[in-house]
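The values are calculated or read from the model by the stated rules, or taken from the named source; none is laboratory data. Keep in mind that what you see is a predicted model, and the values were worked out from it rather than measured. Quick reminder, even Gly has a Cβ in these numbers, built from the backbone with ideal geometry, and neighbours come from all protein chains shown. What goes into the accessible areas is simple: the full protein's heavy atoms, side chains included, and nothing from ligands, DNA or RNA. Shrake-Rupley method; radii C 1.70, N 1.55, O 1.52, S 1.80 Å.
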Amino acid sequence: MPCQIAPPRIARQTDDPPLADPQAANQAANPKAADRQAADNDPPPIGPLVDTTPRPLPARIPIRGQYATLEPLHRRHVNELWHAAQGADASWTYLGYGPFASAEAMERHVMDAAADHDPMVWAVRPVITGVVSGWLALIDIQPRNAAIELGGIWFAPRMQRTRAATEAIFLLLKLAADDLGYRRLVWKCDALNAASRRAATRLGFTHEGRHRMHRISKGRQRDTDWYSIVGDEWPSRRDALLAWLDPSNFTADGTARHGLAELRAGPEWDRPTQDRPTQDRPTQDRPMQDRQA
């Protein structure tokens, strides 16, 4: 019996679509999820490259300005500092030391501070009086991070709100930023110290936030407010301070013609008085804010 050969089967053509890719279908239905998945596959964000050369440490040398000279703190300053501190107990309220019960107690503190390189402390001698009337310091010096803090500021009442006081601060900021190349300038203060907060804002520091229960000072809880000037912010702050300290910025009685906020605003201080920024403008209720005294 002859073999029967079955005819070949012909594949049936159909209009059915191909099976869908479940992942593609899910992405089409949920584009936000697709964006998240794409973001998950991206490399994580990182900061810009910077010069990692460690910054130099400040040297223990005098720094001379127009209105004040900074002298590395020394035992020989004690007598002048002791006299400047008389009747000024309130000026020590927010510092971790002082007021001192005797000249000997102040001398011990000065000698300890003078032996440290961090903080590096300078005594301030206003040119107009020739008498040391305060001190200030560079603190928490971080050469590898190019970060440095201006702090430990004590000015006797007779030096507060004077050109010498402002210039003393400026001289250390300039030393840190221009001469030594630090990129981050820090100001910290007790959150209750309204005068220090105003000073930081006046000088052009930016408020970064508050560390709650940051430390204990003189047996009391202290919250600390942090401020900074960073990177490219410094040139505008420096130029405003230089313009404010220029003798032409002062009237015959020592009042500043333009405040620091106005000078940072540049041409804005040429506008009519009522349209100018009000912050740091000399006013009748702040007569000593910008005077040499």
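Matching residues to (1) of a type in the set (S, T, N, Q); (2) at pLDDT 95 or above; (3) open to solvent by less than 90 Å² (accessible area, probe 1.4 Å):
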site	(1), (2), (3)
PRO18	no, no, no
ASN30	yes, no, yes
PRO54	no, yes, yes
LEU70	no, yes, yes
HIS77	no, yes, yes
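Do the conditions hold for ARG64, that is, is it under 27 Å from the mean Cα position of the chain (by Cα), open to solvent by 30 Å² or more (accessible area, probe 1.4 Å), among the basic types (Lys, Arg) and under 14 Å from LEU136 (Cα atoms)? Reasoning before the result, please.
On the way: under 27 Å from the mean Cα position of the chain (by Cα): yes; open to solvent by 30 Å² or more (accessible area, probe 1.4 Å): yes; among the basic types (Lys, Arg): yes; under 14 Å from LEU136 (Cα atoms): no.
It is false that ARG64 is under 27 Å from the mean Cα position of the chain (by Cα), open to solvent by 30 Å² or more (accessible area, probe 1.4 Å), among the basic types (Lys, Arg) and under 14 Å from LEU136 (Cα atoms).
This table checks each residue for (1) free of Cβ contacts under 8 Å to residues at least 40 places away in the same chain; (2) closer than 20 Å to TYR67 by Cβ; (3) among the small types (Gly, Ala, Ser).
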position	(1), (2), (3)
ARG144	no, no, no
LEU173	no, yes, no
LEU185	no, no, no
HIS211	yes, no, no
SER217	no, no, yes
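The criterion of at least 2 residues that are open to solvent by 50 Å² or more (accessible area, probe 1.4 Å) is met, among helices (runs of 4 or more DSSP H) falling completely within region 86-203, by 103-114, 194-203.
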